[in-house]
1. Run the reach check for K47 against lysines, Cα to Cα strictly under 24 Å, same-chain hits fewer than 8 apart removed. What comes back?
2. Round to the nearest 0.05 the FRET efficiency obtained for T23 and T126 when R0 = 35 Å and r is the Cβ-Cβ distance.
3. Charges at C-beta only: +1 for Lys and Arg, -1 for Asp and Glu. How large is the resulting dipole of the chain about its Cα centre, in Debye rounded to 20?
4. Percent of Cα-Cα pairs per 10 Å bin, from 0 to the last occupied bin, for the chain, please list those.
5. How large is the helix-only mean residue ellipticity at 222 nm for the chain, computed as the sum of -39500 (n - 2.57) over DSSP H runs with n ≥ 4, divided by its residue count, in deg cm²/dmol to the nearest 500?
6. Let me know the whole percent of all Cα-Cα pairs from the stretch 54-99 that are separated by more than 15 Å.
7. If you take the charge dipole of the chain about its Cα centre, with +1 on Lys and Arg Cβ and -1 on Asp and Glu Cβ, which of H19, F127, H61 is farthest toward its positive end?
8. What accessible surface, in Å², does a 1.4 Å probe find on Y17, ignoring ligands, DNA and RNA and rounding to the nearest 10?
Amino acid sequence: MARVFVYGTLKKGQPNYKHMINTAKGLAKFQGRGHTVEKYPLVIAGKYNIPYMLNIPGTGHHIAGEIYSVDEQMLQFLDEFEGCPDMYQRTLMRIQVVEWEGKGGAGEARAAADGVLECFVYSTATFPPEWVGLPYYDSYDSSGQHGLAYVLRESRE
């Protein structure tokens with residue numbers, strides 16, 4: 001099982017969460033909540049209002065999200081869903097645990113107790129330069145005050 005940190009539309013209550021609980025796509029078990037140890041810019045961009053974590057460490061905010069344990073089938077689905085490696089790149093990042101429900105081996109419990117876990121995160125290093133000038137968020141909600149509701153793939157032209 002691999003650990004994945006999601007910060008956008010795949011979180012609980014967000015438009016694409018349905019994929020995280022669809023066992024036909026693989027297994028994903030919610031483990032807890034956290035935020036990135038390093039700061040990153042989280043922007044909402046493009047005509048479909050997609051959240052992107054720009055891979056510019058040290059800029060922006062500590063990004064809040066959810067930690068999941070996923071099997072190989074779900075990891076492959078997420079790679080395809082996230083357009084990896086073209087749109088997003090899957091990289092390991094350090095995540096500060098703020099709430100932990102996960103049950104696992106002693107090593108995982110110890111890592112969670114220390115407060116920091118290494119998780120795969122889908123961020124992008126391939127973005128238009130003007131995105132750096134967009135507002136930065138520390139947490140994503142499609143229905144947030146920003147007024148930039150995410151457009152589901154099935155609703156796109």
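The values are calculated or read from the model by the stated rules, or taken from the named source; none is laboratory data. Because the structure is predicted, anything quoted here is derived from the model rather than measured. Cβ: placed from backbone, ideal geometry, glycine included. Neighbour counts: every protein chain shown. Note: areas computed on protein heavy atoms with side chains; ligands, DNA, RNA excluded. Shrake-Rupley method; radii C 1.70, N 1.55, O 1.52, S 1.80 Å.
1. K11, K12, K18
2. With a Förster radius of 35 Å, E is 0.65.
3. 220 debye
4. Taking all Cα pairs of the chain, the binned fractions are 11, 42, 37, 9, 1 percent.
5. Per the formula, -4000 deg cm²/dmol.
6. 58 percent
7. The listed residue farthest towards the positive side: H19.
8. Using a 1.4 Å probe on the heavy atoms, I get roughly 50 Å².
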